[in-house]
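Readers should treat all values here as calculations from the given coordinates under stated rules, not as data from a laboratory. These numbers come from a predicted model, not from an experiment. Because the Cβ atoms are built from the backbone with ideal geometry, glycine has one as well, and the counts that use them run over all protein chains shown.
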Amino acid sequence: MLEVELKPCFLTPKRVQPEYPLFVYLPGMDGTGQLLRSQTAGLELGFDVRCLAIPRQDLTTWDVLTNNVLDLIHTELEKSSQRPIYLCGESFGGCLAMKVAIQAPQLFKRIILINPASSFHLRPWFNWASQLTYLVHPYLYEIGALGLLPFLASLQRMTRSDRQELLKSMRSVPPETVLWRLSLLREFHVEDEQLRRLTQPVLLIAGVQDRLLPSVDEVRRLANILPNSKMLLLPQSGHACLLESDTNLYKIMHNHNFLESSAEVMQAIEAGNKIR
């Protein structure tokens, strides 16, 4: 697993396609950006994909993380400034995606939120328990990661290699970083009015079998706030639904008319080139 030690960066899959819309993926609590790997080939049919990777020792605030992501996106736009940007956040990354979108709504053509961890506050016992994790010996985090797997994912719907990668990613995060990211989730808040200003299409995806967080309740709440949103419930899926063999994010976006046509993308790029 690639380790990012200095500051957040974008991981680039095998294919770099600057002529395609930019797809920015913000990961869950592990922060590695590696867990999108099973979706990358499908997404590359229509996107130039970037995955955020957050250093293992990163203990920065929401504001700093938000600004780091925006800096990375602006760096990408220096290479091709007019292409559409799709912002996708999963779990912890769903919270970060909301912060990023609120700060720079004009940047994003579409937004996808998958099992957003903004539902953290809906589980009071989880919130309370997360404040006691500092009492756990670091060695027990290794064991705890294994015990948490059934809550994170529908394991029977994942390949063996993806189960191993998920466990590896979970164990890669130091205890102090886990504690810090849990504290960020406890304090996460965005105003409803800020979300109402996001007028671009938003796709809200939740796994009905999510045993970790009440994601279905949360996407229903967000659907009532975001003015141009649609909701998709995955009946058999758990929290880490993008790792499931039957989940294809690109097909989901296509089937729910969430992709711009190639003609629309080319028109946008050509219009931008004329302005320049």
field: Distance between region 1-52 and region 192-213 - C-alpha centres, whole angstrom
entry: 21 Å
field: Phi to ³J(HN,Hα) by Karplus 6.51 cos²θ - 1.76 cosθ + 1.60 over region 70-78, Hz, x for Gly, Pro
entry: 5, 4, 5, 5, 5, 5, 5, 5, 5
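Stretch Asp63-Arg37 to full length: gain in nm at 0.36 nm per residue minus the Cα-Cα span? Let's see the in-between values first.
On the way: separation 26, 0.36 × 26 = 9.36 nm, distance 2.74 nm.
Length gained, Asp63 through Arg37: 6.6 nm.
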field: Placed amide H near Leu234: partners under 5 Å, 5+ positions off or other chain
entry: Ala206, Gly207, Val208
statement: For region 51-58, in residue order, the Karplus 3J(HN,Hα) values (coefficients 6.51, -1.76, 1.60; θ = phi - 60°; whole Hz; Gly and Pro = x) are 10, 5, 10, 9, x, 4, 9, 5
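Among 201-209, 158-166, 32-40, 170-178, what's the highest-first ranking by average C-beta atoms within 10 angstrom per residue? Walk me through the numbers before you get to the answer.
Details: 201-209: 22.9, 158-166: 15.9, 32-40: 21.1, 170-178: 17.8.
The packing order, highest mean first, is 201-209, 32-40, 170-178, 158-166.
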- prompt: How high is the FRET efficiency from Glu19 to Leu179, r the C-beta distance, R0 41 Å, rounded to 0.05?
  reply: 0.45
Phi-based couplings in Hz for region 212-223 (Karplus 6.51, -1.76, 1.60; Gly and Pro marked x): 8, 9, x, 5, 5, 4, 5, 5, 5, 4, 5, 5
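If we count every other residue with Cβ under 11 angstrom of Met231's Cβ, Lys/Arg +1 and Asp/Glu -1, where does the sum land?
Numbers: positive: Arg220, Arg221, Lys230; negative: Glu218.
Net charge in that neighbourhood comes out at +2.
Using a Förster distance of 25 Å, how high is the FRET efficiency between Asn224 and Lys168, based on the Cβ-Cβ distance and rounded to 0.05? Walk me through the numbers before you get to the answer.
Details: r = 38 Å, r/R0 = 1.51.
Computed FRET efficiency for Asn224 and Lys168 comes out at 0.10.
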